[in-house]
Amino acid sequence: MSEKDNIYAAPHATIAGFTFDENVVRVFPDMIQRSVPGYGTIIAMTGVLAERYALPHTQCYDLGCSLGASTLSMRHYLEERFGERDCRIVAVDNSPAMIERCRELIARDAHRTPVELRLGDICDIDIVDASVAVLNFTLQFVPLAQRETLLTRIGANMRPGGVLVLSEKIRFEDEHLQQLNTDLHHTFKRANGYSDLEISQKRSALDNVLLPETIATHTERLRRAGFTSVDVWFQCFNFASLVAIR
Ligand code: GEK
């Protein structure tokens with residue numbers, strides 16, 4: 001069971017940049033559920049999309065897997081046609097604490113699709129013969145200058161007819177919409193038990209660490225990376241998930 005996230009409940013003298021360390025790992029499921037509107041739906045539908053697009057004898061990538069929520073969802077939905085499909089999942093994260101805990105959680109799961117867990121930077125790992133790639137709230141932490149190269153590499157190593165699921169915190173060009181969606185997100189967090197202090201300290205910690213972009217920027221870059229059909233399939237406030245078909 002996940003512990004309750006109270007990392008920013010007490011005042012911090014200085015707010016360090018957010019990192020995915022053991023303290024975050026301990027509370028991560030509670031933190032992401034209470035912070036990201038639609039997280040549970042996005043995780044479940046990622047499995048549904050994998051079931052539809054995974055091609056026989058290919059690999060499904062969970063890039064920035066954290067505790068493996070998307071991996072476990074894909075495994076669940078890939079189970080029914082396990083034998084005829086013969087896929088494997090490659091789950092990658094550059095946080096040792098996340099990978100260690102993820103390994104324990106995968107070991108407890110009874111589904112059969114093989115999972116390879118890798119500790120590493122998603123900008124460095126080889127992508128080979130992919131039919132599904134999931135970037136579930138991960139690209140937002142990759143330096144802006146590296147995002148195009150990463151997506152181009154995913155596109156180049158994905159089978160035609162494969163899918164990339166890209167979920168991100170987004171920003172809005174229109175100032176009114178940016179303010180509205182930021183406020184609505186904070187209201188969502190308050191309704192989930194976070195105090196104003198927690199919300200503001202977390203916001204400072206993510207400053208310059210989580211860098212959101214607009215839907216237009218994501219869509220145009222995905223097209224340049226070789227994805228032909230690109231659209232938003234889920235959005236709640238400033239959180240969205242896109243499908244991009246190779
Ligand atoms: C979920 N997908 O539960 N290389 C590898 N991992 C990275 C990198 C990188 N360059 N940058 C960040 N990470 C998960 C949630 S959380 C989202 C993803 C959030 C990892 C980082 O260590 C963390 O585990 C994950 O990406 C982001 O659906 O906390 O908002």
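The values are calculated or read from the model by the stated rules, or taken from the named source; none is laboratory data. What you see is a predicted model; the values in this text were computed from it and never measured. No Cβ is skipped: glycine too gets one built from the backbone with ideal geometry, and neighbour counts run over all protein chains shown. The accessibility values were calculated without ligands, DNA or RNA, using every heavy atom of the protein model including side chains. Shrake-Rupley method; radii C 1.70, N 1.55, O 1.52, S 1.80 Å.
Measuring between their Cα centroids, region 174-246 and region 38-116 lie 23 Å from each other. Dividing the Cα radius of gyration of region 1-127 by 2.2 N^0.38 Å, with N the residue count, gives 1.14.
Spin-label model, D196 to E148: label points 7 Å out along the Cα-to-beta-carbon direction sit 4.2 nm apart. Equivalent-ellipsoid semi-axes for the chain (Cα gyration tensor, √(5λ), whole Å, largest first): 29, 22, 16. The length gained by stretching the chain between R88 and L177 to full extension, at 0.36 nm per residue less their Cα-Cα distance, is 28.0 nm. Only lysines eight or more places from K169 in sequence, or on another chain, were considered; those with a Cα closer than 22 Å are K189, K202.
With the convex hull of the Cα atoms taken as the outline of region 149-246, the averaged projected area works out to 7.1 nm². The residues of region 1-136 present an accessible area of 47 Å² per residue when probed at 1.4 Å with all protein chains retained. Per atom type, the chain shows carbon and sulfur on 52% of its accessible surface, probed at 1.4 Å. Per residue, the accessible area of region 137-239 comes to 49 Å² when a 1.4 Å probe rolls over the protein heavy atoms. Highest average first, the peptides 150-160, 66-76 ordered by how many other beta carbon atoms sit within 10 Å of their residues are 66-76, 150-160. Working note: 222 nm ellipticity from helices only, DSSP H runs with n ≥ 4, each -39,500 (n - 2.57), summed and divided by the residues of the chain, gives -13500 deg cm²/dmol to the nearest 500.
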